[in-house]
Amino acid sequence: MKIFLEKTDEEYPITINGIINNLKSYGIFAERKSVYSDIELLRNFGLNIICIREKANYYFIGSRKFEMPELKLLVDAVQSSSFITYKKSEELIKKLGSYVAFIRLRFYNIK
């Protein structure tokens with residue numbers, strides 16, 4: 001689920017091999033069959049996973065809690081708030097960033 005939420009959208013789909021390689025980076029070793037069943041479980045859980053059927057199927061999250069423009073608006077509001085400390089602002093922006101793949105926190109000067 002983390003891989004789908006953080007690394008995919010309709011512009012950046014992922015293959016099963018891509019999922020397996022990402023899992024390896026977390027120290028998780030998986031076989032293709034288990035990844036397919038995991039995707040089905042995530043769908044049953046309510047995650048909107050879309051499949052583009054090609055020679056190698058591509059998968060991505062179809063809808064999210066926040067879309068990119070909404071998230072940018074929220075991040076801008078947090079940054080411009082005069083009553084939120086810089087440290088708390090950083091924390092909130094990082095939490096907001098977890099809702100949308102490929103949010104460029106560096107764009108907002110957050111390290």
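FYI, it's all coordinate maths here, none of it is from the lab. Just so we're clear, the structure is a prediction, and the values are computed from it rather than from any experiment. Glycine also receives a Cβ, built like all others from the backbone with ideal geometry; neighbour counts cover every protein chain displayed.
Observations, loosely collected:
- Neighbour-limited loop hits for GluC sites (Glu not before Pro), the range 1-101 (at most 14 other Cβ within 10 Å; DSSP other than H, G, I, E, B): Glu10, Glu11, Glu31, Glu54, Glu67
- The slack in the chain from Val35 to Tyr86, taken as 0.36 nm per residue of separation less the alpha-carbon distance, amounts to 14.3 nm.
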